[in-house]
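Visitor: Sharing a structure here in structure tokens format.
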Amino acid sequence: MIFKLQQKNISAVKAGMLYYLHQEETKMKKIISLSVIFLQIFMFDSMAQSMKFTSIKITDSPIISFRIQFRVGSVNEPDGKEGLNQLTADLISQGGYGLVTYKEMLEKLYPMAGRIGVIPNKEVTTFVAEIHKDNLEKFWNIFEQVITNPRMDENDFIRLKDLQLNYIKNTLRNENDENLGKAVLEEMLYENHPYGNIEAGKISSLNSINLDDAKNFYKKYYTQTNLTVGIAGNFDKKFIDKIKFDLVKLPKGKTNVVKLTQPNKIQDVEINLIEKKTISTALSFGFPVNLTRSSKEFLALMIANSYLGEHRTFNGVLMNKMRGDRGLNYGDYSYIENFIQEGGSTFPLPNIPRQQQFFSVWIRPVANANRHFSLRMAIREIELLIKNGIPEKDFEETKKFLINYSKLWVQTQSRRLGYQMDSDFYKTKYLIDEIAKKMPKISKKQVDDAVRKYLNTKNIKVAVVSENAQMFMKDLLENNVSPMTYQHSNISQHILDEDRDIQKYSFKINPDKIKIINVENVFE
């Protein structure tokens, strides 16, 4: 009995001790759990607070505009995988999310008129979307999943890769000589440089890319550190907090800013002639410039550029003299930075900023008989600007035109948001306001000085898409006279007199840097 009592007491003590330990363990677990929760909250708050935002509050707007930008571009593509950035971006925006297919995603977006697009470029990739405020929550629940949990299905990958291959094989090589010439020029300007490949890549590199490459590229670069959230419209703080809460699901990642080398120096006039059966010739030429929107002379050079040839306007001297006076082609324009036209508009696409820029002239297709004359004329006009400076009358008119015209670049809140994000990239104030504020004070001398500092006609690269390229090469190397061929005889004498100077205008061609490439081998 005593033994039993003792045993019972011992058992009771044991039970008491076990209960005590259990209680302590439970307390510890609770403490640990709470600590984890607090730590998670702290980490979330810390990460969310460091998330970069560009926001424009527009209280009377019924639309919410998004530009979700990642610091990743074609400069990050591994060797032999050119085109991977665009393919990954397209797979994110056009591949569905989670278990939701792209078709199902479109069916969800259609009733609310929601859409998601993407602009993959050299250094940043930007997802663009807009939605009516009444559908904001439903739309955002889809959009954030597209960004943080893209489906990345094999069939979508194959579909989008085929589209990218067809763009090079069919659109560029066969259907669009103008864009082909511009793409070849850009490749020439940045040979052996991180900018040296077009966003679509090459046939061989695209064929080497598999779905795992895209998945790994996404994991590596689509991170919080590389993220900037752009939002415009009548949003509130609660929604901003939701964005932070949702996008903090992205991995933290590392800062991704590629340090660029300087482009190769150009020696005299270097020319690539793309041999292609065509009734007209597309011409583009240019050179890298050590100037961006953050440069103090940018606005001054912008005036000179607009005088030469603002994109798809009749303000420029190139357009007026080549098309207006001579009817050479549809249009002739110049650019002091990378330019992509947004859709069917005439305005520049925002969110394609770069650390390095280039000057270029785009001569839209001319009759083959006038290709040599046209190239001479365009280069000569640049030389005249460098030599004589911008005419006083044109200087004042161009400033006035540009100050007013630039306001059209930001007609929508989405474009305004894009321009603000670009200003953030360049660490400058809002470009359109800067034009209005500073351009009226710029003098003709400042413009002429900027022209002489940044433009030249001696060391340039030229891309030509034309037939009988061998004959054109011979004409160029021998500096043969190239009289203008008119379709009518009603030409004023002062134009004919100028033509006689243009047709024998010479520029020094580098004989070691002129070559003919069959169109089937371009971007191969």
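The values are calculated or read from the model by the stated rules, or taken from the named source; none is laboratory data. Bear in mind that the values here come from a model prediction, so they are computed numbers and not experimental data. Reconstructed Cβ throughout: ideal geometry from the backbone, glycine too, with neighbour counts over all protein chains shown. These accessible areas exclude ligands, DNA and RNA; they are computed on the full protein's heavy atoms, side chains included. Shrake-Rupley method; radii C 1.70, N 1.55, O 1.52, S 1.80 Å.
Visitor: For the range 294-437, report the accessible area per residue in Å² (1.4 Å probe, heavy atoms, rounded to an integer).
Guide: Details: 5120 Å² over 144 residues.
Spelled out: the 1.4 Å probe surface of the range 294-437, per residue, equals 36 Å².
Visitor: Quote the FRET efficiency, to the nearest 0.05, computed for ILE158 versus ASP134 with a Förster distance R0 of 41 Å and r equal to the Cβ-Cβ distance.
Guide: On the way: r = 37 Å, r/R0 = 0.90.
Rounded to the nearest 0.05, the efficiency is 0.65.
Visitor: Further, regarding this structure: On C-alpha positions alone, give me the angle between the axis of helix 493-502 and the longest principal axis of the chain, in degrees, nearest 10.
Guide: 70
Visitor: Tell me, what is the FRET efficiency for LYS252 and SER208 to the nearest 0.05, using R0 = 41 angstrom and their Cβ-Cβ distance as r? Before the final figure, lay out each step's value.
Guide: Numbers: r = 30 Å, r/R0 = 0.73.
According to the calculation, E is roughly 0.85.
Visitor: Using a simple spin-label model with points 7 Å from Cα along the Cα→Cβ vector, what separation in nm is obtained for ILE516 and PHE53?
Guide: Calculated label separation equals 6.1 nm.
Visitor: Tell me the angle of helix 2-50 to the major Cα principal axis of the chain, expressed in degrees between 0 and 90 and rounded to the nearest ten.
Guide: Tilt relative to the chain: about 20 degrees.
Visitor: Can you tell me what share of the DSSP beta bridges in the chain is antiparallel? A percent to the nearest 5 is fine.
Guide: Details: 41 of 60 bridges.
Taking every DSSP beta bridge with both residues in the chain, the antiparallel ones total about 70 percent.
Visitor: Once you have the Cα-Cα distance between LYS238 and LEU384, take 0.36 nm times their residue separation minus that, and quote the gain in nm to one decimal.
Guide: Stretched out fully, the LYS238 to LEU384 stretch lengthens by 46.8 nm.
Visitor: Now for a separate question. Testing the spin-label approximation: label points 7 Å from Cα along Cα→Cβ at ASP325 and LEU106. State their distance in nm.
Guide: 5.0
Visitor: Angle check, please: helix 136-148 long axis (alpha carbons) against the longest principal axis of the chain (alpha carbons), in degrees 0 to 90, nearest 10.
Guide: Value to nearest ten degrees: 90.
Visitor: Dipole of the chain, Cα-centred, from +1 at each Lys and Arg C-beta and -1 at each Asp and Glu C-beta, to the nearest 20 debye? Mind showing how you got there, number by number?
Guide: Values: 73 positive and 62 negative charges, 408 e Å.
Dipole magnitude for the chain comes out near 1960 debye.
Visitor: Further question: Give me the number: length gained by fully extending ARG500 to SER345, i.e. 0.36 nm times residue separation minus the C-alpha to C-alpha distance, one decimal in nm.
Guide: Numbers: separation 155, 0.36 × 155 = 55.80 nm, distance 3.69 nm.
Here the segment from ARG500 to SER345 would lengthen by 52.1 nm.
Visitor: Extension gain ASN479-ASN216, at 0.36 nm per residue separation less the Cα-Cα distance, in nm? Please list the in-between numbers first.
Guide: Numbers: separation 263, 0.36 × 263 = 94.68 nm, distance 5.20 nm.
Computed gain between ASN479 and ASN216 is 89.5 nm.
Visitor: Give the carbon-plus-sulfur fraction of the accessible surface of the range 164-323 in %, rounded to a whole number; probe 1.4 Å, heavy atoms of protein chains only. Before the final figure, lay out the partial values.
Guide: Numbers: 3120 of 6560 Å².
Whole-percent figure for carbon plus sulfur exposure: 48.
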